[in-house]
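Below is one structure, written out as structure tokens; the observations come after it.
The values are calculated or read from the model by the stated rules, or taken from the named source; none is laboratory data. Just so we're clear, the structure is a prediction, and the values are computed from it rather than from any experiment. Glycine also receives a Cβ, built like all others from the backbone with ideal geometry; neighbour counts cover every protein chain displayed. Only protein heavy atoms, including side chains, enter the accessible area calculation; ligands, DNA and RNA are left aside. Shrake-Rupley method; radii C 1.70, N 1.55, O 1.52, S 1.80 Å.
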Amino acid sequence: MGRASTLLIIFLVLGSSFATYNLVTMLRHYGSSEGVTVADGGLFFDPITEMPDHVKNRKTSKAPFHVALTATDAPYNKWQCRVMYYWYKQQKKLPGSEMGGFTRILHSGKSDNLMDEIPTVVVDPLAEGMDRGYIVLNRPWAFVQWLEKAKIEEEYVLMAEPDHIFLRPLPNLAYQGHPAAFPFFYIKPDQNEKIIRKFYPEEYGPVTNVDPIGNSPVIIRKDLIAKIAPTWMNISLKMKEDPETDKAFGWVLEMYAYAVASALHGVRHILRKDFMLQPPWDLETNKKYILHYTYGCDYNMKGELTYGKIGEWRFDKRSHLRGPPPKNLPLPPPGVPESVVTLVKMVNEASANIPNWNTTGLVEA
């Protein structure tokens with residue numbers, strides 16, 4: 001058994017160099033999370049969890065990190081990248097930032113019309129059919145290629161996504177061999193042990209060694225991600241090929257794959273709840289670094305959330321699949337959480353200052 005498991009890991013490492021959740025699930029999580037209290041309409045908690053004792057308070061010097069953004073050439077993806085890059089530039093120059101260079105890793109296999117606006121490296125997508133309609137599988141393969149071909153000056157890398165907005169200057173939250181990551185409440189390795197054990201054999205330790213994270217946002221030393229990325233890619237493909245795993249993990253499969261790949265390499269993450277927030281469920285942006293606008297925000301004119309039903313007022317990135325949202329989007333009605341108001345204001349500021357925001361080249365015919 002030990003020999004077979006070892007061969008499995010060797011194969012995974014060397015074989016080749018987001019779901020929408022219903023209101024009840026979300027409320028159950030936010031209403032009962034351990035260590036979380038509700039006060040004045042907001043959520044408050046200790047922002048750092050599971051940091052090893054020897055890591056605490058050890059940082060003494062700046063450690064810049066390179067921002068790496070994986071993307072496609074779809075219009076929907078492009079306008080999000082432009083907003084993200086705009087706010088990267090604004091926050092990078094402020095005190096407290098350890099943000100270094102920036103690369104959009106474009107996994108379409110060809111250049112597009114943002115090459116001169118955003119620093120970009122073009123890499124190949126997976127061979128036709130390999131992603132089985134799950135385009136996110138291109139992400140680990142994109143990182144494998146980028147890490148092989150790019151010359152990255154910084155020692156650390158932030159893995160980011162197009163729908164991330166930097167709220168404030170981001171310091172390096174990692175420490176040496178301990179990357180920093182955001183803990184996702186719906187990534188539950190301990191509750192999926194049967195499936196996890198297909199890819200993380202018992203001799204590697206308890207399932208709790210698999211962190212409740214995805215690959216983004218993660219700040220990690222580049223030598224570590226260079227080791228993890230090929231394993232992450234191969235496990236992602238193996239998980240997608242396994243019907244039981246594919247059904248259980250769905251659109252967060254690639255996130256589980258990164259968590260498992262990291263554990264196989266003995267890498268544990270510092271879990272930072274202040275790394276990111278996700279409107280409309282997180283109500284305030286105070287002391288958070290990244291705003292992730294993956295969920296639709298629907299409200300009636302009384303400022304009441306109507307999740308699952310299109311609101312009288314709404315902001316949903318999926319409403320703009322064919323091109324960028326118009327400039328000067330209307331602000332939400334009174335009573336809507338500050339996090340949602342901030343999201344719209346930041347999109348509006350970006351669109352007002354990015355040249356040629358409504359360029360027809362960004363929109364499909």
Could you check, for the range 160-171, whether at least one of its residues is assigned by the TED database to the domain that holds residue 72, modelled with pLDDT under 95 and open to solvent by less than 20 Å² (accessible area, probe 1.4 Å)?
-> no
Which members of the range 120-145 meet the condition of being of a type outside the set (A, V, I, L, M, F, W, C) and part of a helix (DSSP H, G or I)?
-> 138, 139, 140, 145
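Filter the range 308-331 for residues that are under 18 Å from residue 284 (Cβ atoms) and open to solvent by 20 Å² or more (accessible area, probe 1.4 Å) and give the result. Outline the logic, then answer.
Here is the first cut: in the range 308-331, the ones under 18 Å from residue 284 (Cβ atoms) are 315, 331.
331 - this is the single residue of the range 308-331 that is under 18 Å from residue 284 (Cβ atoms) and open to solvent by 20 Å² or more (accessible area, probe 1.4 Å).
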Of the numbered conditions (1) surrounded by fewer than 23 Cβ atoms within 10 Å (Cβ to Cβ); (2) part of a loop (DSSP other than H, G, I, E, B); (3) not acidic (Asp, Glu), residue 214 satisfies every one except a single condition; which is it?
-> (1)
In the range 281-307, how many residues are of a type in the set (Lys, Arg) and open to solvent by 40 Å² or more (accessible area, probe 1.4 Å)?
-> 2
Could you give me the residue pairs with C-beta distances under 8 Å whose first residue belongs to the range 81-97 and is of a type in the set (S, T, N, Q), whose second residue is modelled with pLDDT of 95 or more and crowded, with 21+ Cβ neighbours inside 10 Å wherever it lies, and which are 6+ apart or on separate chains?
-> 90/166; 91/99; 91/166; 91/167; 91/170; 97/170
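Taking the stated definitions as given, is residue 113 surrounded by fewer than 17 Cβ atoms within 10 Å (Cβ to Cβ) and either at pLDDT 95 or above or in contact with a strand residue (DSSP E or B) (Cβ under 9 Å, 6 or more places away or on another chain) (or both)? Can you show your working first?
Values: surrounded by fewer than 17 Cβ atoms within 10 Å (Cβ to Cβ): yes; either at pLDDT 95 or above or in contact with a strand residue (DSSP E or B) (Cβ under 9 Å, 6 or more places away or on another chain) (or both): yes.
The answer is yes for residue 113.
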Would you be able to say whether some residue in the range 262-280 is open to solvent by 40 Å² or more (accessible area, probe 1.4 Å), among the acidic types (Asp, Glu) and within 29 Å of residue 99 (Cα to Cα)?
-> no
